[in-house]
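Working notes, structure below.
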Amino acid sequence: MPNEKPKFYLTTPIYYTNGLPHIGHTYTTVVADAIRRYKRMRGYEVVMTTGTDEHGVNVERAAQKAGIPESEFVAKMAVAWKALWDELGIAADEFIRTTDLQHVRTVQWLFKLCKENGYVYKGHYTGQYCIYDNAFVSEAKPGDNCPDCGRPLETITEENYFFKLSAFQKPLLDFYKKNPNFIQPETRKNEIISFVEGGLKDLSITRTAIRWGIPVPGEEPHVFYVWFDALTAYLSAVGGPDYEKRGFWPCDLHLVGKDIIRFHTVYWPAFLMAAMLPVPKQVWVHGWFLMDAAKMSKSKGNVILPRPIANMLGMDALRYFVMREIVFGQDGNFSYDALVTRYNSDLANGLGNLASRTAAMIEKNFGGTIPKPGPRLPQDDALVKVTSETIEEALEKFENFEFARSLEAIWAAIAAADKYLTSEQPWALSDSEADTQRKATILWTTAELLRIVTVLAHPVLPDSTAKVWTLLGQTGRVAAVELDGLRWGQLATGVQLGKAQALFPRVEKQEAIERIEAMANEELNPAPAPPAAAPAHATTAGGAAAAPASTEKIGIEDFAKVEMRVGQIKTAERIVGADKLLKLTVDIGTEIRQICAGIAQYYEPEKLIGRKVAVVVNLAPRKLRGVESNGMIVAASVGPEGRPVLAGFPDEDVELGARLK
Ligand SMILES: [Zn+2]
């Protein structure tokens, strides 16, 4: 029989899709992805599941508000969630939607098993109901008002199916005792044990007042209520009724936020026990990112969005920050200040700088070939020792989900390498034979340390470590390196360095924060499409989607509203986090304007300086990717891709500020 890899199955929560992901969802999902990558590098066959919880009254309402059917609404949301995870380098193996047929069948099957085993009965549920919103308000008392519309709630009784949760008090307590690692961290376990010891009430698991849900077979209009539906998705994703074929159930690890711990550690194992199915091995409960010590929420307006951060600093910066900044399991504060500070210190000045200076010195001294080291001195031995200890420490901490500690250990090795270079000063050595050999030793040693930290950091920084791997001339994928075989001394000599790619360009803190906030603001409050400001067949290279060319005739007075003047480009630079945009300063005769133009893919910034262009000067200022743009540069749009070609004045000596008429 072939040597089979051990299996590992982990999940994020199945996220509710009445809105888009914020940093909280991102946090759990990034952690899951890093664990997935790490386990693979330790030789496991891993499945990671994430997905979208698409039923219930809030989705019903959100779809209604958007004016589209629920099925269309949830399909769009699932696409949007998936797209964001892709942008953040999250490679889930399974993306389960609770509207998937496979999931619907699994929920109905689980219900049947629970019912056959005598743990489901029909009863009556009494709750506070808003007749305008057609929804029960859980946690409301008689006489309360509806939290959504403010109208008085009514006490209503409806027929429901109930799950006999009360029968599982003892089985659950026994289970926690026999499986002391089921709930992590420890403090959470104690909280749940005392909750269960306090007695369990039976649980209503169906509703008749909700329309958008999985039907209970033969019992319409009953549909399954949230938890019986959503939790089951973990099982649906790996085969549902046929889970044994795939061999990934029971789940090894559910990652959850502290607000949903009870559902995962009480309801979920009880449902599975009732159906006589295997119970997951572990639920790991993490804390929240807080803003000013308050949980982030859309209604409070303190939502942090992941995309603007990834656009500005790169997806790895976001991933690194959430895993480095807070102790997994505890709450932590989120601030842009801390984010950008860490980016500059740990990524730009840390890993990025070590990689680029090491490569530059190998380039300069050894023509880009990794040199053969000479005899080692005590200071070299010291660095070898630090690195070997780092391997052990970083893996041990990661294994225990002490991600911040693991990264801390890796970055301590990076700092040790910086210190080593500073004290060894390879740049001060001569070209004599002895000095050259010493240089070779120093640079090989530094490159070997760099290779090792690159492998260790890969699960958290998949994108940038792959670039460093290429830079070091390593073949194969860094993801394919086996962590258990990682040792000092494996860096081959004589290997040619690969292509250098930008890793973490340093950013100016205040500007970076302003741009992230501006991009978040653009995402939260999308501006309506701007009206076409330029005449037909020309386009403004402002970076926004071009309005379709209109064939409708306009009067001269309409044209006169657009004020175009001759300007001259004084400076041009690329914008970090915006591949298509250039930031220009343009002299329009009376003043110098900052203007963003969507031409970065077609024009080298340095070649634009001095060029005369046509500028729309009376356009209201706006922000593009967080950068203020005060005016527009006029360009023709050429070819099917709409390649911008700048309108200009190559032959005539036109005066700056001259008006185009
Ligand atoms: Zn209401």
- Task: Look at D252 and say whether it is more than 23 Å from the chain's Cα centre (by Cα) and either open to solvent by 10 Å² or more (accessible area, probe 1.4 Å) or more than 17 Å from T29 (Cα to Cα) (or both).
- Result: no
- Taking into account only those residues within region 146-182 that are of a type in the set (F, W, Y) and touching a Leu at 6+ places or on another chain (Cβ under 9 Å), which is farthest from the ligand (Cβ to nearest atom)? F168
- Task: Name, by its number, the condition in (1) more than 30 Å from G150 (Cα to Cα); (2) surrounded by 20 or more Cβ atoms within 10 Å (Cβ to Cβ) that does not hold for V79.
- Result: (2)
- Item | Options Y16, Y9; residue that is of a type in the set (F, W, Y) and open to solvent by 20 Å² or more (accessible area, probe 1.4 Å) | Y16
- Are there any helices (runs of 4 or more DSSP H) wholly within region 166-234 with 2 or more residues that are more than 19 Å from F111 (Cβ to Cβ), and if so which? 169-178, 186-197
- How about region 573-591: which of its residues are part of a loop (DSSP other than H, G, I, E, B) and touching a Leu at 6+ places or on another chain (Cβ under 6 Å)? G589
- From (1) open to solvent by less than 40 Å² (accessible area, probe 1.4 Å); (2) without any contact (Cβ under 8 Å) to a residue 60 or more places away in the chain, pick out the condition that doesn't hold for V104. (2)
- Task: List the number of the failed condition for G143; all other conditions in (1) within 14 Å of the ligand (Cβ to nearest atom); (2) open to solvent by 30 Å² or more (accessible area, probe 1.4 Å); (3) among the small types (G, A, S) hold.
- Result: (1)
- Item | Subset of region 116-133 that is within 16 Å of the ligand (Cβ to nearest atom) and either of a type in the set (V, I, T) or not in a loop (DSSP other than H, G, I, E, B) (or both) - its residue that is surrounded by the most Cβ atoms within 10 Å (Cβ to Cβ) | C130
- Query: Looking at region 381-412, which of its residues are among the aromatic types (F, W, Y) and part of a helix (DSSP H, G or I)?
  - Reply: F398, F403, W411
- Regarding I214, is this residue among the hydrophobic types (A, V, I, L, M, F, W, C) and free of Cβ contacts under 8 Å to residues at least 40 places away in the same chain? no
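Okay, residues lined up against (1) in a helix (DSSP H, G or I); (2) at pLDDT 95 or above; (3) crowded, with 19+ Cβ neighbours inside 10 Å:
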{"position": "E4", "(1), (2), (3)": "no, no, no"}
{"position": "T29", "(1), (2), (3)": "yes, yes, yes"}
{"position": "V59", "(1), (2), (3)": "yes, no, yes"}
{"position": "A63", "(1), (2), (3)": "yes, no, yes"}
{"position": "V74", "(1), (2), (3)": "yes, yes, yes"}
- Take region 84-94 and flag every residue that is open to solvent by 40 Å² or more (accessible area, probe 1.4 Å) and either in contact with a Leu (Cβ under 8 Å, 6 or more places away or on another chain) or in a helix (DSSP H, G or I) (or both). D86, E87
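The values are calculated or read from the model by the stated rules, or taken from the named source; none is laboratory data. Just so it is clear, the structure is predicted and the values come from calculations on it, not from any experiment. Ideal geometry is used to build each Cβ from the backbone, glycine not excepted, and the neighbour counts take in all protein chains shown. Heads up: the accessible areas ignore ligands, DNA and RNA and are worked out on the full protein's heavy atoms, side chains in. Shrake-Rupley method; radii C 1.70, N 1.55, O 1.52, S 1.80 Å.
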